[in-house]
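S.K.: Encoded as C-alpha cells, here's the structure I'll be asking about.
We did not get these values from a lab; they are worked out from the coordinates using the rules stated. Computed from a predicted model, the values in this text were never measured in an experiment. No Cβ is skipped: glycine too gets one built from the backbone with ideal geometry, and neighbour counts run over all protein chains shown.
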Amino acid sequence: AQKITQTQPGMFVQEKEAVTLDCTYDTSDPSYGLFWYKQPSSGEMIFLIYQGSYDQQNATEGRYSLNFQKARKSANLVISASQLGDSAMYFCAMRAISSGSARQLTFGSGTQLTVLP
Amino acid sequence: SQTIHQWPATLVQPVGSPLSLECTVEGTSNPNLYWYRQAAGRGLQLLFYSVGIGQISSEVPQNLSASRPQDRQFILSSKKLLLSDSGFYLCAWSLGAGARETQYFGPGTRLLVL
C-alpha cells in the first residue's frame, strides 16, 4: 500500500519569500508518479506539478519546483516569490502504477499555507 | 480546452433522502472519470472511477453508487443518505493511463446531511 505523509499542518511565509512544503511517501513499487495540488478556499483542486519516479531532473512549472530526493522518498514542493494568492491548502499525492488499484491517487493530509503581506 | 462542471454547488439534505450529484466534462472524448469525497480538514478518498460508458469500479463499499450513462457524464447517487455522507464531493477527469496520468478536478459539491 502507498502512503503520503505531510508533516506540516500549517505554514506561514512572507510575501515574495520562498517556501518549502514537505512531502514524504512510502511505496515498494519502482514506478510511480508524484503530484502536487492546490486547494483554495473555494474548494477546487488545482493541479500544480508532476514528478515521475524515473525522471532524471526535478520538475519545474513557473514558480513551482519539486525537490525530488528518491533515496529519501521525499518530494517537497518549493514555491518561489510567494504571492498572497498562494494562500491555500496544498496536497501531495502519489500513484503507483503496478499496484492493485493503479487508478487511485493516494493523498496526504495537506498543508495550509498562509502568505503574509 | 477541457472543462468540468459539477452541480449542484451546495446541497442540504435530510437523513434518509435520495441523492444525485452530476458531473460533466467538455472538450474531450472517452475520459476517465472519478468521484472523490473529502471530509472536513482531510485529504481525498476515491469513491468510484470509470474508464468508459457503463463501466464503474468501486473503491470503498458504502451506500453510494455511481453511473455513467454518457461518455462525458458521471453521476453519484444514493437511495438513502446517512449523516456520515456529509462532505465535499469532487469529480475529476483524466486521459490515458500510467503513472503520469493527471487528474483534473471540478469545482465540487458541498453536501450537508441533517
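S.K.: Taking the Cα-to-Cβ direction at residue B:112 and at residue A:80 and moving 7 Å from each Cα, how far apart do the two end points lie in nm?
M.R.: Once both label points are built, they end up 4.3 nm from each other.
S.K.: Considering the dipole of the protein assembly as shown built from charges on the beta carbon (Lys and Arg +1, Asp and Glu -1) around the Cα centre, which of A:59, B:14, B:73 is farthest to its positive end?
M.R.: After comparing all options, I get B:14.
S.K.: Going by amide H atoms built from the backbone, whose H comes under 5 Å of the H on residue A:105, apart from near neighbours?
M.R.: Under 5 Å from the amide H of residue A:105: no residue qualifies.
S.K.: Could you identify which residue out of B:37, B:72, B:100 has the top mean-square fluctuation in a GNM of chain B using Cα springs shorter than 10 Å?
M.R.: B:100
S.K.: Right, another one. Ranked by Cβ crowding within 10 angstrom, fewest neighbours first, how are B:109, A:60 ordered?
M.R.: Working: B:109 22, A:60 12.
Neighbour counts put them in this order, fewest first: A:60, B:109.
S.K.: Report, as an integer, the average count of C-beta atoms from other chains found within 10 Å of each Cβ along B:94-105.
M.R.: Details: counts 2, 0, 0, 3, 6, 17, 8, 8, 8, 8, 5, 7.
Average per residue, whole number: 6.
S.K.: I need B:64, B:112 ordered by Cβ neighbour count within 10 Å, fewest first. Walk me through the numbers before you get to the answer.
M.R.: Values: B:64 21, B:112 12.
Ordered from fewest to most neighbouring Cβ atoms within 10 Å, B:64, B:112 come out as B:112, B:64.
S.K.: What is the fewest-to-most order of A:89, A:11 by other Cβ atoms lying within 10 Å of their Cβ?
M.R.: Details: A:89 19, A:11 15.
Exposure proxy ranking, most exposed first: A:11, A:89.
S.K.: Can you give the FRET efficiency to the nearest 0.05 for residue B:55 and residue B:12, using r as the Cβ-Cβ distance and R₀ = 30 Å? Can you show the working numbers first?
M.R.: Numbers: r = 32 Å, r/R0 = 1.06.
Computed FRET efficiency for residue B:55 and residue B:12 comes out at 0.40.
S.K.: Which of the three applies to chain B, rounded, prolate or oblate, going by the alpha-carbon gyration tensor with a ≥ b ≥ c and a/c under 1.5 meaning rounded? Numbers along the way, then the final one.
M.R.: Working: a/c = 1.73, a/b = 1.66, b/c = 1.04.
Judged from the Cα gyration tensor, chain B comes out prolate (a/c at least 1.5, a/b above b/c).
S.K.: Mind checking B:22-30 for the average number of partner chain beta-carbons within 10 Å of each residue's beta-carbon? The partial results should precede the final answer.
M.R.: Numbers: counts 0, 0, 0, 0, 0, 0, 0, 0, 0.
If you average over the peptide's residues, the count of other-chain Cβ atoms is 0.
S.K.: Next question, about the same structure. For segment A:18-84 and segment B:62-114, what is the centre-to-centre distance using only Cα atoms, to the nearest Å?
M.R.: 24 Å
S.K.: If you don't mind, another one. Which of the listed residues, B:83, B:4, B:60, is farthest toward the dipole's positive end in segment B:1-87, when Lys, Arg count +1 and Asp, Glu count -1 at the beta-carbon?
M.R.: B:83
S.K.: So for chain A: antiparallel DSSP bridges make up what percent, rounded to the nearest 5? Mind dumping the intermediate values first?
M.R.: Values: 34 of 39 bridges.
So the antiparallel bridges amount to about 85 percent of the total.
S.K.: Here's something else I'd like to know. If the only charges are +1 at each Lys and Arg Cβ and -1 at each Asp and Glu Cβ, what is the size of the charge dipole of the protein assembly as shown around the Cα centre, to the nearest 20 debye? Don't skip to the end; give the middle numbers.
M.R.: Values: 17 positive and 15 negative charges, 74 e Å.
Result for the protein assembly as shown is approximately 360 debye, rounded to the nearest 20.
S.K.: Can I ask one more? How high is the relative contact order of chain A? Use alpha-carbon pairs under 8 Å, at least six apart in sequence, and give a whole percent. Could you put the intermediate results ahead of the total?
M.R.: Values: 293 pairs, mean separation 44.0, N = 117.
Averaging sequence separation for qualifying contacts and normalising by length gives 38 percent for chain A.
S.K.: At a Förster distance of 22 Å, what's the computed FRET efficiency of residue A:31 paired with residue B:1, Cβ-Cβ distance as r, to 0.05?
M.R.: On the way: r = 29 Å, r/R0 = 1.34.
With a Förster radius of 22 Å, E is 0.15.
S.K.: Calculate the dipole size of chain B relative to its Cα centre from +1 charges on Lys and Arg beta carbons and -1 charges on Asp and Glu beta carbons; express the result in debye to the nearest 20. Working shown, then result.
M.R.: Numbers: 8 positive and 6 negative charges, 44 e Å.
The calculation lands at about 220 debye.
S.K.: Using a 7 Å offset from the Cα along the Cα-to-Cβ direction at both residue B:39 and residue A:1, what is the distance between the two label points in nm, to one decimal?
M.R.: Reported label-point gap for residue B:39 and residue A:1 is 1.4 nm.
S.K.: Can you tally the net charge around residue A:51? Count Lys and Arg as +1, Asp and Glu as -1, for every other residue whose Cβ sits under 13 Å from the Cβ of residue A:51. Please list the in-between numbers first.
M.R.: Values: positive: A:70, A:73, A:95, B:100; negative: A:55, A:61.
Net of charged neighbours comes to +2.
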